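K.L.:
Next up is a structure, given as C-alpha cells.
The values are calculated or read from the model by the stated rules, or taken from the named source; none is laboratory data. Being a predicted model, the structure only gives us computed values, none of them experimental. Quick reminder, even Gly has a Cβ in these numbers, built from the backbone with ideal geometry, and neighbours come from all protein chains shown.
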Amino acid sequence: MNTTSTLSPDTRLAFIGGGNMASAIIGGLLRQGLAPAQITVVEPFEPQRAKLAADFGLAPLAAPTAALADAGVVVWAVKPQTFREAALACAPHTGQALHLSVAAGIRSDSMAAWLGTERIVRAMPNTPALVGQGMTGLYPRPACSAADRTLAEAVVATTGRFVWLAQEADLDAVTALSGSGPAYVFYFLEAMRRAGTEMGLAPDTATQLAIGTFAGAAHLAQQSTEPPEVLRERVTSKGGTTYAALTALNAHGVADAFVQAMHAARQRARELGDEFGG
C-alpha cells in the first residue's frame, strides 16, 4: 500500500453523490491542489448542494447533464439502493471516463451493465477518510489499464492509505473489517468511557484516556514488526491487572462474538449486492 500517486493538474472529476465520503475525497483533492473548477458534483438534495458550495466553492448540479462528459474520472458515492437509477441517468454522458465506486455491496458486473463500460474500480473506504486517515480496499475490473489503476490510486490517496485486492469477493470482507471497522472502535470507546465513569472518573477524562489509548496502541502496532498477539502478550503479566481484564473478556466470549459480528457484516454486504444489483 502507498499514497504516492498524484493527479494531473488538467484532470477533471465528477462525483455522483455529495455526502460525507464524497466530501472527504473532494477535500483531499482540493488540499492536493486541484481547483474547484476541475470538480463537478451531482447532488439531488439542495441543503447538501449548499454545503458543498460553502465548504469547497463548488457549483453542484441537481441532476446529471452533458457537463459530465468532460470528466476523466467519475466517483460513485451514492447509496446502494439508488445506484442503478443514478447510473442509468448518467451513463449517456460518462462513457469515456474511469468509474470509481465507493458504494457498498454493488458489484462491478452490475455497474458495467448499467454504465456500458468495463473501466470500473470498486473501492471500500472508511470514515477516517474524513480526516485523511482512511483505509481503502480497491479492486479493478480486468479491463482497467495500469494508467487506470494509477488514476484510481491518486483519487483514493487523498483520504489515506489503500490496498489492492486480488478478487472482487474480498471487498465484502474489507467492508466487514475496515469499512465498518470504525464503528467497532467507537463501540469499545463507549464501553471504556462507561467503565471509567463507573470507577469514578469524569466522563471527559475517561473519554480522553480511552481515545488516547486506542490511538497510541494502533500507532505502536503500525510501527512494530511484531504481530498483535505478541504485542498483547508483552503487556500481559500473568496474575496482573491486564491478565485479569483479558481473562474476564475471554470468559464472556468477547473475541468470538467480535469475529461473528464481522461475519454478519460481510454477509450483509453480500446481500446488498444481491438486493440492489439486479
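K.L.:
Evaluate the following for residue 175: is it under 30 Å from residue 116 (Cβ atoms) and either among the hydroxyl-bearing types (Ser, Thr, Tyr) or more than 23 Å from the chain's Cα centre (by Cα) (or both)?
P.N.:
So residue 175 fits the description; yes.
K.L.:
So which residues in the stretch 116-151 are buried (at least 22 other Cβ atoms within 10 Å of the Cβ) and touching a residue at least 60 places away in the same chain (Cβ under 8 Å)?
P.N.:
125, 129, 134, 151
K.L.:
Determine whether residue 225 is in a loop (DSSP other than H, G, I, E, B) and exposed (fewer than 11 other Cβ atoms within 10 Å of the Cβ).
P.N.:
Considered against the rule, which asks whether it is in a loop (DSSP other than H, G, I, E, B) and exposed (fewer than 11 other Cβ atoms within 10 Å of the Cβ), residue 225 comes out as yes.
K.L.:
Still on this structure, please answer the following. Given the criteria at pLDDT 95 or above, over 30 Å from residue 86 (Cα atoms) and in a loop (DSSP other than H, G, I, E, B), does residue 201 qualify?
P.N.:
yes
K.L.:
While we're on this one: Among the residues of the stretch 178-195 satisfying the criterion of being part of a helix (DSSP H, G or I) and under 14 Å from the mean Cα position of the chain (by Cα), which is farthest from residue 123 (Cα to Cα)?
P.N.:
Ranking the candidates gives 183 first.
K.L.:
Being touching a Leu at 6+ places or on another chain (Cβ under 7 Å) and under 18 Å from residue 24 (Cα atoms) narrows it down to one of 103, 154, so name that one.
P.N.:
154
K.L.:
Could I ask something else about it? Tell me yes or no: at least one residue of the stretch 232-243 is over 30 Å from residue 101 (Cα atoms) and among the aromatic types (Phe, Trp, Tyr).
P.N.:
yes
K.L.:
When you check residue 166 against the structure, is it in a loop (DSSP other than H, G, I, E, B) and out of contact with any Ser or Thr (no Cβ under 8 Å at 6 or more places or on another chain), yes or no?
P.N.:
yes
K.L.:
Of all residues in the stretch 92-117, which are in a helix (DSSP H, G or I) and either in contact with a strand residue (DSSP E or B) (Cβ under 7 Å, 6 or more places away or on another chain) or within 10 Å of residue 74 (Cβ to Cβ) (or both)?
P.N.:
Passing the criteria: 93, 108, 111, 112, 115.
K.L.:
Out of 198, 168, which single residue is within 18 Å of the chain's Cα centre (by Cα) and surrounded by fewer than 17 Cβ atoms within 10 Å (Cβ to Cβ)?
P.N.:
Testing whether each residue is within 18 Å of the chain's Cα centre (by Cα) and surrounded by fewer than 17 Cβ atoms within 10 Å (Cβ to Cβ) leaves just 168.
K.L.:
Quick one: is residue 158 hydroxyl-bearing (Ser, Thr, Tyr) and over 29 Å from residue 100 (Cα atoms)?
P.N.:
It is false that residue 158 is hydroxyl-bearing (Ser, Thr, Tyr) and over 29 Å from residue 100 (Cα atoms).
K.L.:
Could you pull out the residue among 273, 253, 240, 278 that is surrounded by fewer than 10 Cβ atoms within 10 Å (Cβ to Cβ) and either modelled with pLDDT of 95 or more or within 30 Å of residue 122 (Cα to Cα) (or both)?
P.N.:
The unique qualifying residue is 278.
K.L.:
Within the stretch 153-174, how many residues are without any contact (Cβ under 8 Å) to a residue 60 or more places away in the chain and small (Gly, Ala, Ser)?
P.N.:
2
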